[in-house]
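Novice: Pasting a structure here, questions to come.
The values are calculated or read from the model by the stated rules, or taken from the named source; none is laboratory data. From a predicted model like this one, the values you see are computed outputs, not experimental measurements. Glycine also receives a Cβ, built like all others from the backbone with ideal geometry; neighbour counts cover every protein chain displayed.
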Amino acid sequence: MKRRDLLVASCAAPLGALTTSAQGKDVPAPGTKEYLELRLYTFASIEKRDAYVTFLKDTAVPALNRIGIDRVGVWKMQKESDPSLYVLLPNKSIASFATARRRLLADKAYVAGATKAIYGAPKKDPVYKRIESSLMISFDAVPRVEVPTKAATRIAQLRIYESHTEERGQRKIHMFNEGGETALFRKKGMDPVFFGETLVGTKVPNLTYMLCFENDEARQAAWKAFVSSPEWKKLSRNPFYKDTVSGITNLFLLPTAASQI
């Protein structure tokens with residue numbers, strides 16, 4: 001077999017797997033995967049952000065738990081001068097995501113707390129400036145949001161991998177799932193919080209994932225072990241996964257008092 005034919009053959013089987021999934025033959029059973037809403041809140045100041053964290057801790061997160069949304073993540077940027085806030089809401093179904101706002105507004109304790117902390121703010125001076133939200137479906141390899149560690153020194157790493165076409169994006173997802181990249185992450189101490197394919201949001205097509213480490217030293221050591229491993233070097237040279245990522249966003253986040261992750 002000529003080299004060109006060998007490369008075509010090596011790519012054909014995984015590409016066929018992608019096609020099969022797209023046709024619905026590998027669609028997971030209901031309830032086995034989660035729909036993940038990731039929100040980015042922007043605030044005019046650190047003080048406003050911290051006040052909103054208090055509202056989340058005392059009112060919003062308990063209310064979210066009451067309507068079945070648990071393992072709520074609330075993180076601030078590692079760079080303290082940035083008043084942004086990331087909030088992760090894992091939903092067990094698309095119906096949960098679609099009805100969450102209505103169900104919260106039917107919760108009297110939530111409405112009372114929100115009225116006091118948020119709704120009374122004047123239009124010219126709102127608590128938060130804006131919410132940017134994306135909706136993802138979890139990966140087969142990480143079907144549910146996980147809580148790797150609750151160490152006080154823990155740090156989260158949020159990464160967004162953009163692809164220049166939807167097909168290349170699916171190949172990168174295949175690399176994490178069937179290709180074994182996620183399993184290699186775990187092996188090297190890079191424990192996931194979530195992996196999600198973005199269905200609606202910005203920078204589409206993209207996949208977004210979060211890792212959590214006990215501290216920054218553990219993060220650096222784990223990444224060093226990963227990139228130097230023979231398994232990664234072999235996987236990264238697979239021609240099927242060539243040119244699957246066109247842009248990367250890399251953020252470091254710290255848990256707030258409101259976070260359950």
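Novice: Checking Arg186 against (1) closer than 19 Å to Ala218 by Cα; (2) out of contact with any strand residue (DSSP E or B) (no Cβ under 8 Å at 6 or more places or on another chain), only one condition comes out false. Which one?
Specialist: The single condition Arg186 does not satisfy is (2).
Novice: Filter the range 82-100 down to residues that are in contact with a helix residue (DSSP H, G or I) (Cβ under 8 Å, 6 or more places away or on another chain) and over 19 Å from Val145 (Cβ atoms) and give me whichever is surrounded by the fewest Cβ atoms within 10 Å (Cβ to Cβ). Lay out the reasoning, then the answer.
Specialist: Start the filter on the range 82-100 by keeping residues that are in contact with a helix residue (DSSP H, G or I) (Cβ under 8 Å, 6 or more places away or on another chain), which leaves 83-85, 87, 89, 91, 100.
Retained after the next criterion (residues that are over 19 Å from Val145 (Cβ atoms)): 83-84.
On the way: Pro83: 20, Ser84: 18.
The extreme case among them is Ser84.
Novice: If you check Lys188, Lys234, which single one turns out to be surrounded by fewer than 14 Cβ atoms within 10 Å (Cβ to Cβ) and either farther than 30 Å from Pro62 by Cα or touching a Cys at 6+ places or on another chain (Cβ under 9 Å) (or both)? Break it down into steps so the answer makes sense when it comes.
Specialist: Numbers: Lys188 fails: surrounded by fewer than 14 Cβ atoms within 10 Å (Cβ to Cβ).
Within the list Lys188, Lys234, the selection yields Lys234.
Novice: Give me the pairs, please: first residue somewhere in the range 233-248 and closer than 19 Å to His164 by Cα, second residue anywhere and hydroxyl-bearing (Ser, Thr, Tyr) and assigned to a loop (DSSP other than H, G, I, E, B), beta-carbon distance under 7 Å, and either six or more positions apart or on two chains.
Specialist: Thr244/Ser163; Val245/Ser163; Ser246/Ser163
Novice: Which pairs do you get when a residue that is closer than 13 Å to Ser81 by Cβ, found in the range 41-54, comes within reach of a residue that is part of a helix (DSSP H, G or I) and hydrophobic (A, V, I, L, M, F, W, C), reach meaning Cβ atoms under 9 angstrom, with the pair 6+ apart or on two chains?
Specialist: Cβ pairs passing all conditions: Phe43/Ala51.
Novice: What is the one condition in (1) of a type in the set (Lys, Arg); (2) more than 27 Å from Lys203 (Cα to Cα); (3) loosely packed, with under 13 Cβ neighbours inside 10 Å that Arg103 does not satisfy?
Specialist: (3)
Novice: May I ask you to list the residues in the range 157-186 that are within 17 Å of Ala141 (Cα to Cα) and without any contact (Cβ under 8 Å) to a residue 40 or more places away in the chain?
Specialist: Selection gives Ile173, Phe176, Asn177, Arg186.
Novice: Hey, any hits in the range 156-175 for a residue that's surrounded by 13 or more Cβ atoms within 10 Å (Cβ to Cβ), among the aromatic types (Phe, Trp, Tyr) and either assigned to a helix (DSSP H, G or I) or out of contact with any strand residue (DSSP E or B) (no Cβ under 8 Å at 6 or more places or on another chain) (or both)?
Specialist: Pass one, the range 156-175, residues surrounded by 13 or more Cβ atoms within 10 Å (Cβ to Cβ): 156-164, 167-175.
Next, only the ones that are among the aromatic types (Phe, Trp, Tyr) stay: 161.
Still in the running and either assigned to a helix (DSSP H, G or I) or out of contact with any strand residue (DSSP E or B) (no Cβ under 8 Å at 6 or more places or on another chain) (or both): none.
Within the range 156-175, none of the residues are surrounded by 13 or more Cβ atoms within 10 Å (Cβ to Cβ), among the aromatic types (Phe, Trp, Tyr) and either assigned to a helix (DSSP H, G or I) or out of contact with any strand residue (DSSP E or B) (no Cβ under 8 Å at 6 or more places or on another chain) (or both).
Novice: Might you check whether a residue that is modelled with pLDDT of 95 or more, buried (at least 18 other Cβ atoms within 10 Å of the Cβ) and under 19 Å from Leu254 (Cα atoms) occurs anywhere in the range 137-145?
Specialist: Among the residues of the range 137-145, at least one is modelled with pLDDT of 95 or more, buried (at least 18 other Cβ atoms within 10 Å of the Cβ) and under 19 Å from Leu254 (Cα atoms), which makes the answer yes.
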